[in-house]
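Encoded as structure tokens, the structure appears first; notes follow it.
The values are calculated or read from the model by the stated rules, or taken from the named source; none is laboratory data. Predicted, not measured: the structure shown is a model, and the values here were computed from it. Heads up, the Cβs are rebuilt from the backbone with ideal geometry, glycines too, and the neighbour counts pull from every protein chain shown.
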């Protein structure tokens, strides 16, 4: 397994890699803000749907931003100590497991199972 993780899946020349990085890095920079930009206009509808106050819905935005800040501190430290590759694989594994759990709940409620 260790030998597999040390080989690149896609082979790129150094020039191609650098040009890809120059274009991709700025494009990835706007993604955290995109979440907030899509969520903020729907706050009144979310408050009506769940029958909660607007302040309770605004607090979810605060918790999301604080979660990003704390996650950056925790995972930044772990990346420095353990290494990027192991943390990314762990994060993808946890994300996959949680996604399957969410899908199971969605299908169960949709079809009346579980």
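Points to keep in mind about this one:
- Taking residues in region 1-27 that are under 24 Å from residue 86 (Cα atoms), and partners anywhere that are in a helix (DSSP H, G or I) and modelled with pLDDT of 65 or more, the pairs with Cβ atoms closer than 9 Å and at least 6 places apart or on different chains are 5/85; 5/86; 5/89; 6/85; 12/20.
Residue-by-condition table, conditions (1) at pLDDT 85 or above; (2) touching a strand residue (DSSP E or B) at 6+ places or on another chain (Cβ under 8 Å); (3) loosely packed, with under 10 Cβ neighbours inside 10 Å; (4) at negative phi:
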site	(1), (2), (3), (4)
5	no, no, yes, yes
18	no, no, no, yes
26	no, no, yes, yes
45	yes, no, no, yes
55	yes, no, yes, yes
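- Of all the residues in region 28-43, those that are modelled with pLDDT of 75 or more, in contact with a helix residue (DSSP H, G or I) (Cβ under 8 Å, 6 or more places away or on another chain) and closer than 19 Å to residue 68 by Cα number 4.
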